[in-house]
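Notes for the one structure printed next.
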Number of protein chains: 2
Amino acid sequence: MKKIGVALLGLGTVGGGTYRILMNNHDAIAKNDGVDVEIRHIIERDVSKAEALGADLSIVGTDIDKVVNDDKVSVVAEFFGGIEPAKTFLIKCLLAGKSIVTANKELFSKHWPELEEAAKKGKAGLYFEASCVGGVPIIRTLTQSMQGNNILSLMGIVNGTTNFILSKMADEGLEYADVLKEAQRLGYAEADPTADVEGFDSMYKLSILSSLAFRTKVPISKIYREGISKVSKEDIAYGKKFGYELKLLAIAKRNAEGKIEARVHPAFIPASHPLASVKGSFNAVHIVGDNVGDIMLYGRGAGDLPTGSAIVSDIVFAAKQAKPQYAPFKNTEKVSDSGFSSNFYCNYYLRMKVKDEEGVLAKIAGVFGKNHVSINTMIQESDGENAKIIFLIHKTGEKNVKKAMQDVALLPCVESVDAVIRVEE
Amino acid sequence: MKKIGVALLGLGTVGGGTYRILMNNHDAIAKNDGVDVEIRHIIERDVSKAEALGADLSIVGTDIDKVVNDDKVSVVAEFFGGIEPAKTFLIKCLLAGKSIVTANKELFSKHWPELEEAAKKGKAGLYFEASCVGGVPIIRTLTQSMQGNNILSLMGIVNGTTNFILSKMADEGLEYADVLKEAQRLGYAEADPTADVEGFDSMYKLSILSSLAFRTKVPISKIYREGISKVSKEDIAYGKKFGYELKLLAIAKRNAEGKIEARVHPAFIPASHPLASVKGSFNAVHIVGDNVGDIMLYGRGAGDLPTGSAIVSDIVFAAKQAKPQYAPFKNTEKVSDSGFSSNFYCNYYLRMKVKDEEGVLAKIAGVFGKNHVSINTMIQESDGENAKIIFLIHKTGEKNVKKAMQDVALLPCVESVDAVIRVEE
C-alpha cells in the first residue's frame with residue numbers, strides 16, 4: 001500500500017467536495033488502487049467550513065510553510081482559484097518536491113510555464129484534469145489517448161453558466177437579461193458574471209485544451225474572445241428556422257496552412273451536431289482526430305462533487321506515476337505570431353434593419369460582392385416601414401465580413417446591422 | 001528515447017490501420033511521447049496484404065515463435081479476432097514477458113482470467129482499450145478517472161452495425177430485413193450478421209466494461225441478451241409518439257440491494273437522453289457516478305483507423321508504464337450467483353392484437369392487476385375487426401411482466417402479444 005500525504009488549500013465548494021470524496025472513498029481507493037490517502041493539512045482561514053465538514057481541526061490553519069516543510073506531504077490540492085496567493089503557494093510547494101493538483105484554469109492558462117519550471121526544479125508533477133469540464137477526463141484523453149492522431153479541431157461547450165443561459169433563452173424564448181437574473185438567483189451565475197458571460201472562463205480552458213491538442217502553447221493572448229451578453233432571443237429564433245442551435249463555443253483548429261486559430265464566441269451549429277444537444281449546465285468537448293475521427297466527451301463542467309471527482313482522480317493518478325510528465329511542447333508565453341491565424345474562416349449569419357424600399361437588396365448584394373462575401377440564403381420581413389433582412393453567408397474570411405459590414409452600414413438604405421454571428425458547419 | 005519493438009499479429013482491417021498509423025506517426029510519437037516504435041514482426045499468411053501496405057516483406061511470416069523468441073519485442077498487438085489461435089499465441093507471448101494490446105472483445109470477455117494469469121507469470125501487461133468503442137477512451141476513463149466514484153450505472157450503444165440499422169429504420173420508416181440487406185451491401189453488416197444483430201458483440205463489450213465499472217467480474221453468463229432481429233418499424237413509430245428512440249443498449253446497474261444486473265436488449269429511451277442522439281454507426285457510453293454525475297463518451301466504435309488509434313495509444317501507453325496493472329478485482333469466471341440479479345426492474349412498452357369487442361380492456365387490466373403490473377398510458381386503435389392496444393407500463397420487475405404476458409396471451413379476446421420492449425427512463 002502506497003501512503004500519500006495530501007494538503008488541501010482552501011475548503012470552498014470544490015475543496016469541500018474533494019474532502020468529502022476523499023473521506024467517503026478512502027477505503028475503496030485503498031482497496032482498488034492501492035493508495036492510502038491521508039489528509040495532513042487544510043489551509044483555510046474560515047474554520048467553520050472545516051467544522052461543517054467534521055474535519056479534524058488540529059490540521060486546519062493558514063500557514064503554508066507547514067505544508068511545505070512536511071516531508072510526508074507529496075500532493076497539494078489547490079482550491080483558492082485566481083492568481084494570488086495560489087501561484088506563490090504552489091510554486092513554493094513545487095520547489096519543495098510536492099506535486100500539485102488543481103482546478104485553477106485561470107492560473108494554469110496564464111502561468112503554466114512558470115509552474116512547470118518550478119515543478120521541473122522540484123521534480124514534482126502538475127495535474128490539472130479538474131481545470132476543464134469538471135469530472136470529464138478530457139485532459140487525460142488529450143494526453144494519453146490521442147497519440148496516434150493529429151488533432152484537426154477541438155470544439156467545446158466548456159462553461160456551464162453560459163450554456164444554462166443560452167439553453168433557457170432558446171427553450172423559453174426569453175431575453176438574455178431576464179435569464180441572467182434568474183441564473184443569478186439560482187446560483188448558476190455570479191453576482192458579477194463577467195468571467196463567465198464574457199467568455200474569459202472559456203478562454204482560459206481553451207488555452208489549456210488547445211495547447212494539449214496541438215502540442216504547442218496557445219496563450220490566451222492568441223485567443224479571440226466574445227461573450228454572450230449581446231445575444232438576442234430573436235437571433236436564436238431565426239437560427240432555429242435554419243436548423244441551428246446557438247452555443248458559446250470554444251474552438252481551436254489547425255488551418256490548411258498549419259496555423260492555429262483559437263476563438264471563443266457565440267456560434268450557430270446544426271441541430272444534428274452532437275454539441276447541439278448539450279443543454280443546461282452540461283459541458284462537452286468535441287474533437288476531430290485524423291485517425292480516430294469524431295469523438296465527444298460530455299458531462300457536468302462544474303460543481304463540488306463532479307470537479308472533486310476529477311481532483312481525487314488526479315491525486316490517485318499522481319500517486320501512481322513513476323515520474324512526472326510535463327507538457328509535450330515548449331511551454332512558454334513567447335510564441336511566434338506566425339503560428340497563429342486571426343483571419344479565421346466561417347459561415348456567417350447576419351441580421352440588419354433596412355428601409356422598406358426598392359433596390360435595397362441590390363445595393364447590399366453589391367457591397368457584399370465587392371468584399372467577396374457571397375449570400376447563401378436570405379429571409380426578408382417587413383412591417384410596412386422598415387424591413388429586416390437575415391442573410392446566411394458562404395464560408396469566407398472574417399476580415400472580408402467585417403469590411404463588408406462596415407461598408408454596408410454606410411449605405412443610406414441600411415438603418416443598422418444588428419447581428420453578426422458565426423456559423424460552424 | 002525509449003525503443004519499443006512491436007509485433008503485429010494479423011493485417012486485416014484494424015491491423016492494417018494500425019500499421020499505417022504507426023508508420024505515419026512514428027516521428028510524432030517519438031517527439032511527443034519519447035517512444036520510438038519499431039515494427040519487428042508481422043504474422044500474416046496473406047503476403048499480399050503486407051505488400052499492399054508497402055511493408056518490409058522480410059519481417060512478414062507465420063511463425064509465432066519468432067515473436068516469442070525476439071528479446072527486442074516488448075509489445076504484441078493482436079488482430080486475429082475470435083478465440084483461436086489468438087488465445088494460444090497471446091498466452092505464449094505473455095509468458096515470455098511481452099505485453100499484449102488487442103481489440104479482441106470476444107477473447108477478453110471469455111478468457112480474461114487466463115490471460116491475466118499468464119500476464120502475471122510473465123510480468124507482462126494487458127491493454128485492451130480498443131476492445132470497446134474504438135478510439136474512444138472508455139477503458140482508460142473507467143480505470144484511471146473514476147477512482148473517486150462508485151459507479152451506479154453504465155449504459156451504452158456499443159455496436160455500430162445495430163445502431164446503423166435501428167437509426168435507418170427510424171429515420172426512413174423501413175423494416176429490419178430491408179435495412180439489414182442494405183447494411184450488408186454497404187459493408188456495415190457481415191454476411192452472417194448474428195454476432196452483431198443478436199447482441200453477442202455488445203454482450204462481450206458489456207462484460208468488459210461492467211467488470212471495470214463495478215470492480216467485480218461480470219461474466220457473459222450473467223448477462224441477459226436479446227438482439228434486434230424482431231424489432232418492427234411499427235414499434236419504432238409508436239415509440240416516437242411517446243417521445244422515445246429505440247436503441248440496442250448494453251446496460252449494467254448496481255441495484256438497491258447491491259446486486260448487479262447486466263443486460264443487452266433493444267430499449268426505448270427518452271429522445272432527450274444524450275444516448276438518443278447517437279445515430280448511425282456511432283457508439284457512446286453513458287456512465288453515472290455518485291460524485292461525477294452523468295458523463296458520456298461518444299465516437300466511432302469500429303473501423304481501421306478509429307480502432308487503430310486506440311491500439312496505437314495502448315502501445316505507447318504500454319511503453320510508458322513503470323509496471324503493468326491488472327484488474328482491480330478477483331478475475332475469475334467462478335462468480336457467486338448471489339452477486340447478480342436476473343429480475344431487473346424497468347418500465348415496459350407492450351403491443352398486442354385483440355378482438356374489437358366490449359370488455360377487452362377490463363379483462364387485460366384484470367390480468368395485469370393480478371400480476372402487479374400497472375398501466376401508465378394506453379393507445380387503442382381499431383380497423384373495425386381487430387384492435388391494437390399499446391401499453392406503457394410503470395416500473396416493475398421483469399418476472400411480473402413475463403407472467404402477465406403469459407396470462408394475457410391465454411385470454412380468448414387476445415389474438416397475439418406482438419411486442420414487449422423495455423423502457424429506460
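Read-outs: derived from the displayed coordinates by stated rules, not from any lab. Keep in mind the model is a prediction, meaning the values are calculated, not measured. Please note: Cβ atoms are built from the backbone with ideal geometry, for glycine as well, and neighbour counts cover all protein chains shown.
Worth a mention:
- Of A:Ile375, A:Ile364, A:Phe340, farthest towards positive along the dipole that unit charges on Lys, Arg, Asp, Glu beta carbons give segment A:315-386: A:Phe340
- Distance in nm between pseudo-label sites at A:Met23 and B:His394 (7 Å out along the Cβ direction from Cα): 3.8
- Per-residue mean of C-beta atoms belonging to partner chains within 10 Å, peptide A:324-332: 1
- Positive-pole candidate from A:Val47, A:Val37, A:Thr162, dipole of chain A, charges at beta carbon: A:Val37
- For chain B, built as a Gaussian network whose Cα springs stay under 10 Å, the top-fluctuating residue of B:Asn150, B:Asn386, B:Asn347: B:Asn386
- Just checking the listed ones, B:Ser211, B:Ser338, B:Ser153: in the Gaussian network model of chain B with Cα springs under 10 Å, the one fluctuating most is B:Ser338.
- Charge tally for A:Pro412 (other residues, Cβ to Cβ under 14 Å; Lys, Arg +1; Asp, Glu -1): -2.
- For chain A, the longest principal axis of the C-alpha atoms and the axis of helix A:200-214 are separated by about 80°.
- Teacher prompt: A:Gly369 distances to equivalent labels in other copies, 7 Å Cα→Cβ, nm: 7.8
- Each Lys and Arg contributes +1 and each Asp and Glu -1, all at the Cβ; summed about the Cα centre of the protein assembly as shown, the dipole is approximately 2040 debye.
- With the convex hull drawn over the C-alpha atoms of segment A:68-210, the volume per residue is 140 Å³.
- Isotropic mean projected area of the C-alpha convex hull, chain A (nm²): 22.0
- Quotient of Cα Rg and 2.2 N^0.38 Å for the protein assembly as shown, N being how many residues it contains: 1.01
- Principal-axis tilt of helix A:160-172 within chain A, Cα atoms, nearest 10 degrees: 40
- Candidates B:Ala124, B:Val354, B:Pro193 compared by Cα position along the dipole of the protein assembly as shown: farthest toward the positive end lies B:Ala124, with charges placed on Cβ.
- Segments B:113-120, A:177-184 sorted - mean Cβ within 10 Å per residue, highest first: B:113-120, A:177-184
- Inter-chain Cβ neighbour average for residues A:139-146, partner chain, 10 Å: 6
- Kirkwood-type radius of segment A:2-135, with distances r between different C-alpha atoms, in Å: 14.9
- Whole-angstrom gap from segment A:233-310 to segment A:353-409, using each part's C-alpha centre: 28
- Averaging over all projection directions, the Cα-based convex hull of segment A:245-386 occupies 14.5 nm² in the image plane.
- Normalised alpha carbon radius of gyration of segment B:345-423 [divisor 2.2 N^0.38 Å]: 0.99
- Neighbouring Cβ atoms from other chains, within 10 Å of the Cβ of residues in B:148-154, number 5 on average.
- Just so you know, the averaged projected area of the alpha carbon convex hull for segment B:138-300 sits at 9.4 nm².
- Candidates B:Ala191, B:Ala86, B:Ala362: whichever shows maximal mean-square fluctuation once chain B is modelled as a Gaussian network with Cα springs under 10 Å: B:Ala362
- For the residue pairs A:Lys241/A:Lys395; A:Lys92/A:Lys217; A:Lys31/A:Lys72; A:Lys87/B:Lys123; A:Lys110/B:Lys205; B:Lys105/B:Lys353, the C-alpha atoms sit more than 30 angstrom apart in A:Lys87/B:Lys123; A:Lys110/B:Lys205; B:Lys105/B:Lys353.
- For B:Glu172 and B:Ser382, a Förster radius of 30 Å and the Cβ-Cβ distance give a FRET efficiency of 0.65, rounded to the nearest 0.05.
- The spacing between segment A:1-32 and segment B:88-109, judged by their C-alpha centroids, is 36 Å.
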